Amino acid sequence: MENFDLKKYLAEGKLLKENELPVDDIKKAIRALLKKEGGAAGLSPILKLAKDFKGVTQIDVEDILDNDMKDVKKHRDGDYILKENDGTVFDDESMDALFDIILKYVEDPSDAEKELDMFDYGGYDAMSPEIMANLDRDPEFGAWYNKLHSIKEEETSTRDAKDALEGQPNLDIYLDSLKNDIRLNGPEGYIGFGDDDWVEDYGEFMADRA
């Protein structure tokens, strides 16, 4: 045992598992089940997928679920949540506000937390159909979404303008004006701007100031 190589042993074990088990097919089955259940499911129905594969045990399925699926997250209540996009980047205050909105449509706060985790992990489309239907009709959610969308577009436009105009005089003044315009009138006028567009807009801004 003096020459025992643990890393090699573990690597060979993983390779053996991948060669013996239909790992990719099991992953597809797990994803299909989670999508069918609205993006989340408990461990029990997932483990039952083992019966659909010859020679596969529930232990094999759980091992693949926990170790080989980066697009699936385990919620603290035990459910597994499917990530289908890049998730969100909202701050704690914004997420707390969304939690309060969701609470209007669920009785148990833990259910609201679960929906919030699904949103944080996979975006709006990862939430349950029932909650999505209620939020679609909720003016408070509409205002929340529009506010956050405007902030994100403001950050994106400001960053793009700064990159395109690096080294230009009075750039800070232009960027402050840009932020204010987006807050007052929305980001639509700047969506799709390329470097030439930013240079042209900056030139018109400076000419108006002259």
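The values are calculated or read from the model by the stated rules, or taken from the named source; none is laboratory data. Computed from a prediction, not measured in an experiment: that's the story for all the values here. As a convention, Cβ positions derive from the backbone with ideal geometry for all residues, glycine included, and neighbour counts pool all protein chains shown.
Scanning segment 32-47 for residues that are surrounded by fewer than 16 Cβ atoms within 10 Å (Cβ to Cβ) and closer than 15 Å to Asp79 by Cβ turns up Lys35, Lys36, Gly42, Ser44, Pro45.
Matching residues to (1) more than 23 Å from Glu204 (Cβ to Cβ); (2) of a type outside the set (A, V, I, L, M, F, W, C):
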{"position": "Lys147", "(1), (2)": "yes, yes"}
{"position": "Glu154", "(1), (2)": "no, yes"}
{"position": "Ser157", "(1), (2)": "no, yes"}
{"position": "Leu165", "(1), (2)": "no, no"}
{"position": "Asp172", "(1), (2)": "no, yes"}
{"position": "Leu175", "(1), (2)": "no, no"}
{"position": "Leu178", "(1), (2)": "no, no"}
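When every residue of segment 44-53 is checked against the conditions, none turns out to be over 26 Å from the mean Cα position of the chain (by Cα), over 28 Å from Leu116 (Cβ atoms), among the small types (Gly, Ala, Ser) and assigned to a loop (DSSP other than H, G, I, E, B). Listed here are the helices (runs of 4 or more DSSP H) enclosed by segment 92-210 that have at least 2 residues being of a type in the set (Val, Ile, Thr): 92-102, 139-164, 171-185. Quick check on Ala97: is it surrounded by 14 or more Cβ atoms within 10 Å (Cβ to Cβ), small (Gly, Ala, Ser) and not assigned by TED's automatic domain parsing to the domain that holds Trp198? When the stated conditions are applied, Ala97 passes them. Can you confirm whether Ile64 is over 22 Å from Asp120 (Cα atoms) and touching a residue at least 40 places away in the same chain (Cβ under 8 Å)? So Ile64 passes the test.
Criterion first (outside the structural domain of Ile26 (by TED's automatic domain parsing) and either without any contact (Cβ under 8 Å) to a residue 24 or more places away in the chain or within 19 Å of the chain's Cα centre (by Cα) (or both)) does Leu103 satisfy it? Spelling it out, Leu103 is indeed outside the structural domain of Ile26 (by TED's automatic domain parsing) and either without any contact (Cβ under 8 Å) to a residue 24 or more places away in the chain or within 19 Å of the chain's Cα centre (by Cα) (or both). With the structure loaded, tell me whether Gly186 is within 30 Å of Leu103 (Cα to Cα), among the small types (Gly, Ala, Ser) and either loosely packed, with under 14 Cβ neighbours inside 10 Å or touching a residue at least 12 places away in the same chain (Cβ under 8 Å) (or both) or whether it fails that test. Here the answer is yes, as Gly186 does meet what is asked.
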